[in-house]
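Okay, structure first, notes after.
The values are calculated or read from the model by the stated rules, or taken from the named source; none is laboratory data. Predicted model only: the values in this text are computed from it and were never measured. Note that each Cβ is placed from the backbone with ideal geometry, even for glycine, and that neighbours are counted across all protein chains shown. With ligands, DNA and RNA removed, areas are computed over all heavy atoms of the protein, side chains included. Shrake-Rupley method; radii C 1.70, N 1.55, O 1.52, S 1.80 Å.
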Amino acid sequence: MTYIHGAMQNLFDTDGETEALAPGAVLQRGRALAVAAPLVATLERIAAEAPFRRMTTPGGFEMSVAMTNCGTVGWVTDRAGYRYDPCDPVRGLPWPPMPDVFATLAHDAAREAGFADFEPDACLINCYTPGTRLSLHQDKDERDFAQPVVSVSLGLPAVFQFGGNKRSDRPRRVALHHGDVVVWGGPARLAFHGVLALKDGEHPLAGRRRFNLTLRKAL
Ligand code: SIN
Ligand code: FE2
């Protein structure tokens, strides 16, 4: 996969619809709004089958965010480490399949961000309730870092932190709202990112929750 139009991304460019967060990383404001209701309904159906659960880090800490997955493989963590697994360890069954509405949105958003032919095989679904946070980390359990990550925000707004390739690079903060999409790849593929503690609120589709889909090509 090639990163097509990095040169067109201006760090200071905001056209109201897209905002460059860093070379290789772009925020597409409201990009998922047109399909937000089906996305929420679909993820609720997935979670009814493969329930949200708080996983344990390799160091033995319970994560603040509740997670589930769909796709050929799902991201899991436990005392044995971080990995992609074709099987949901809670149910001992495969993860629910990747819905078309997820895959199509991710493919199209990635293309618009300069990453052609993105075909995700894994979607991590995060559920945040008031106070939930996600500390700075890199997404690096995938095999091919030429493939981007596509993140879709739904429900309550959150403050996203987006930094550089070193943990010590000071992250910038950007508010993510219902329907926003962030794509990062190329020079930003291993950028540290996280989410500050969710503020309480009420969202018409999601109640007191924020959902985030991160679509990846894991295998
Ligand atoms: C993630 O890094 O897995 C999720 C990011 C987010 O919730 O916006
Ligand atoms: Fe992440």
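Over segment 176-219, the fraction of Cα-Cα pairs per 10 Å bin, rounded to whole percents and listed from the shortest bin up, is 18, 48, 25, 9.
Just the accessible area per residue of the chain, please: how many Å² with a 1.4 Å probe? Don't skip to the end; give the middle numbers.
Details: 9910 Å² over 219 residues.
Per residue, the chain has 45 Å² of solvent-accessible surface.
I'd like the FRET efficiency for S168 and E62, computed as 1/(1 + (r/R0)^6) with the beta carbon distance as r and R0 of 30 Å, rounded to 0.05. Don't skip to the end; give the middle numbers.
Details: r = 26 Å, r/R0 = 0.88.
It comes to 0.70.
Averaging 1/r over each pair of different alpha-carbon atoms in the chain and inverting the result gives 17.2 Å, the Kirkwood hydrodynamic radius. Here the gap between E112 and A146, fully extended at 0.36 nm per residue and compared with their Cα-Cα distance, gives a gain of 10.6 nm.
Subtracting the Cα-Cα distance of T72 and V159 from their residue separation scaled by 0.36 nm leaves 28.3 nm.
The length gained by stretching the chain between A80 and E17 to full extension, at 0.36 nm per residue less their Cα-Cα distance, is 18.5 nm. Restricting the calculation to Cα atoms, segment 46-166 shows an Rg/Rh of 0.94 when the hydrodynamic-style radius is the Kirkwood one. Taken along the Cα-to-beta-carbon direction at a fixed 7 Å, the label points for D100 and L136 span 4.2 nm.
Heavy-atom surface analysis with a 1.4 Å probe gives the chain a carbon and sulfur content of 55 percent of its accessible area.
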